[in-house]
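Q: Provided herewith is a single structure, encoded as structure tokens, for subsequent inquiry.
The values are calculated or read from the model by the stated rules, or taken from the named source; none is laboratory data. It should be emphasised that the depicted structure is a prediction, and the values quoted were computed from it without experimental measurement. Every residue, glycine among them, receives a Cβ derived from its backbone with ideal geometry; neighbour counts consider all protein chains shown.
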Amino acid sequence: MATQEIDLRGVRVLPGLLGPEAQAAMLADLREVARAAPVMRPVTRRGPMSVRMTSAGRLGWVADRRGYRYEPLHPETGQPWPPIPDSVLAVWRAVSGVEADPDSCLVNLYREGAKMGMHQDRDEGDFSYPVVSISLGDEALFRVGSVERGGKTASIWLRSGDVAVMGGAARLVHHGIDRVRDGSSTLIDGGGRINVTLRVVR
């Protein structure tokens with residue numbers, strides 16, 4: 001059951017927004033996304049990322065040695081990304097506070113000690129739209145800083161079913177995942193964490 005909203009340096013964290021049945025249903029939908037658009041381990045200029053990822057929607061987020069960008073086709077299959085599942089869209093519509101639906105849904109899979117360094121989500125064309133992030137599976141230590149790099153940060157353990165909304169003054173804050181608590185959830189076969197991130201790219 002959802003508990004009271006938490007303000008983490010301007011990021012809205014909605015603990016337990018998705019109950020167990022909703023989490024399981026969303027996971028099943030994401031498996032279908034991964035069947036149509038297989039997960040990849042991106043290789044950037046700094047080397048391979050520790051997370052694996054895929055996307056749904058009109059545009060998918062792609063990272064390679066040329067940089068970061070949105071593309072309409074899966075880089076390995078050459079096929080369009082599958083539609084964003086209704087279960088995922090329902091969360092966006094419930095918490096985003098905007099009329100437009102997202103045109104990109106990034107699905108990150110964290111296994112085997114994967115983490116995500118501090119970064120900004122700034123590859124989109126209009127920062128007036130929020131970024132909505134859904135956590136499934138193992139707990140993850142989510143760290144939030146400021147719009148400027150460096151300085152003070154604050155952290156919270158995100159649990160399966162939690163949702164975070166980065167909008168307004170917090171739309172461009174630096175944020176990352178320091179570590180994942182292996183075995184803290186039984187939702188995903190073989191363990192691990194899935195993070196679903198929704199964005200309006202335009």
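Q: Can you confirm whether region 45-55 contains a residue that is assigned to a loop (DSSP other than H, G, I, E, B) and over 25 Å from residue 139 (Cβ atoms)?
A: Yes; the residues of region 45-55 include at least one that is assigned to a loop (DSSP other than H, G, I, E, B) and over 25 Å from residue 139 (Cβ atoms).
Q: Of all residues in region 34-44, which are assigned to a strand (DSSP E or B) and among the β-branched types (Val, Ile, Thr)?
A: 43, 44 - these are the residues of region 34-44 that are assigned to a strand (DSSP E or B) and among the β-branched types (Val, Ile, Thr).
Q: Of (1) farther than 29 Å from residue 46 by Cα; (2) among the β-branched types (Val, Ile, Thr); (3) in a loop (DSSP other than H, G, I, E, B), residue 147 satisfies all except one. Which?
A: (1)
Q: Only residues that are of a type in the set (Asp, Glu), farther than 29 Å from residue 168 by Cα, surrounded by 12 or more Cβ atoms within 10 Å (Cβ to Cβ) and out of contact with any Ser or Thr (no Cβ under 7 Å at 6 or more places or on another chain): list them for region 1-53, please.
A: Of everything in region 1-53, just one residue is of a type in the set (Asp, Glu), farther than 29 Å from residue 168 by Cα, surrounded by 12 or more Cβ atoms within 10 Å (Cβ to Cβ) and out of contact with any Ser or Thr (no Cβ under 7 Å at 6 or more places or on another chain), namely 32.
Q: Sort through 162, 126 and tell me the only one that's among the acidic types (Asp, Glu) and touching a strand residue (DSSP E or B) at 6+ places or on another chain (Cβ under 6 Å).
A: Among 162, 126, only 162 is among the acidic types (Asp, Glu) and touching a strand residue (DSSP E or B) at 6+ places or on another chain (Cβ under 6 Å).
Q: Kindly provide the set of residues from region 50-62 that are within 15 Å of the chain's Cα centre (by Cα) and either touching a residue at least 24 places away in the same chain (Cβ under 8 Å) or farther than 13 Å from residue 104 by Cα (or both), ordered by number.
A: 50, 51, 52, 53, 54, 55, 56, 57, 59, 60, 61
Q: Hey, another quick one. What tally of residues in region 80-119 results from selecting those that are closer than 25 Å to residue 181 by Cβ and either aromatic (Phe, Trp, Tyr) or surrounded by 15 or more Cβ atoms within 10 Å (Cβ to Cβ) (or both)?
A: Selection size over region 80-119: 15.
Q: Hey, can you tell me all the residues within region 93-120 that are on the phi < 0 side of the Ramachandran plot, over 12 Å from the mean Cα position of the chain (by Cα) and not aliphatic (A, V, I, L, M)?
A: Scanning region 93-120 gives 93, 96, 99, 101, 102, 103, 111, 115, 117, 119, 120.
Let's see how each residue does on (1) of a type in the set (Asp, Glu); (2) surrounded by fewer than 19 Cβ atoms within 10 Å (Cβ to Cβ):
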position: 155; (1), (2): no, yes
position: 163; (1), (2): no, no
position: 169; (1), (2): no, yes
position: 182; (1), (2): yes, yes
position: 186; (1), (2): no, yes
position: 196; (1), (2): no, no
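Q: Taking the stated definitions as given, is residue 44 at pLDDT 95 or above and among the hydroxyl-bearing types (Ser, Thr, Tyr)? Write out each step before concluding.
A: Details: at pLDDT 95 or above: no; among the hydroxyl-bearing types (Ser, Thr, Tyr): yes.
The answer is no for residue 44.
Q: Given (1) in a strand (DSSP E or B); (2) under 26 Å from residue 28 (Cβ atoms), where does residue 156 come up short, assuming only one miss?
A: Only one criterion in (1) in a strand (DSSP E or B); (2) under 26 Å from residue 28 (Cβ atoms) is unmet by residue 156, namely (2).
Q: Residues of region 57-97 being closer than 23 Å to residue 11 by Cβ, of a type outside the set (Val, Ile, Thr), part of a loop (DSSP other than H, G, I, E, B) and touching a strand residue (DSSP E or B) at 6+ places or on another chain (Cβ under 6 Å), which ones?
A: Correct list: 57, 96.
Q: Return a yes/no flag: does region 102-110 have any residue that is under 24 Å from residue 165 (Cα atoms), out of contact with any strand residue (DSSP E or B) (no Cβ under 6 Å at 6 or more places or on another chain) and not aromatic (Phe, Trp, Tyr).
A: The answer is yes; a qualifying residue exists.
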